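> Just dropping this structure here.
The values are calculated or read from the model by the stated rules, or taken from the named source; none is laboratory data. Only a predicted model underlies this, so the values are computations on that prediction, with no experimental measurement involved. Note that each Cβ is placed from the backbone with ideal geometry, even for glycine, and that neighbours are counted across all protein chains shown. Ligands, DNA and RNA are stripped out before the accessible areas are found, and what is left, the full protein with its side chains, is counted by its heavy atoms. Shrake-Rupley method; radii C 1.70, N 1.55, O 1.52, S 1.80 Å.
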Amino acid sequence: IRNGKKTLIAVHSINSSEGKEKEQLKKIFGNINAKEQDIKTVYKIYEKTGSIDYAKKTALEYIDDAKKSIQLLHDSEAKQILNNLADYAIKRKK
């Protein structure tokens with residue numbers, strides 16, 4: 001949030017918010033000096049706009065597509081590694 005990275009969550013939230021919330025996002029997003037309370041405000045807006053759920057849903061769709069593509073490969077250790085990597089990407093916590 002402080003670095004202003006245009007993540008899927010951030011873009012969706014900005015596009016889905018309006019009024020005071022949109023102004024708060026514009027003010028806080030990319031503000032390297034944003035306070036902890038500002039960050040919490042942004043998270044609340046992310047939740048209210050459904051941006052977190054939207055990003056999770058989108059990620060799951062990409063993972064599903066990737067795993068379907070992998071199924072075309074012959075069974076091998078490499079195929080299993082790719083499947084495990086896809087599962088890890090969606091389950092990991094940052």
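> Take residues that are basic (Lys, Arg) and tell me which of the helices (runs of 4 or more DSSP H) falling wholly in the range 5-48 contain 2 or more.
Passing ranges, in order: 19-28, 36-48.
> Let me ask another. Within the set of pairs 6+ apart or on separate chains, which have a first residue in the range 14-33 that is free of Cβ contacts under 8 Å to residues at least 60 places away in the same chain and open to solvent by 100 Å² or more (accessible area, probe 1.4 Å), a second that is among the polar types (S, T, N, Q) and not in a helix (DSSP H, G or I), and C-beta atoms under 8 Å apart?
Every condition considered, the pairs that remain are Ile32/Asn3.
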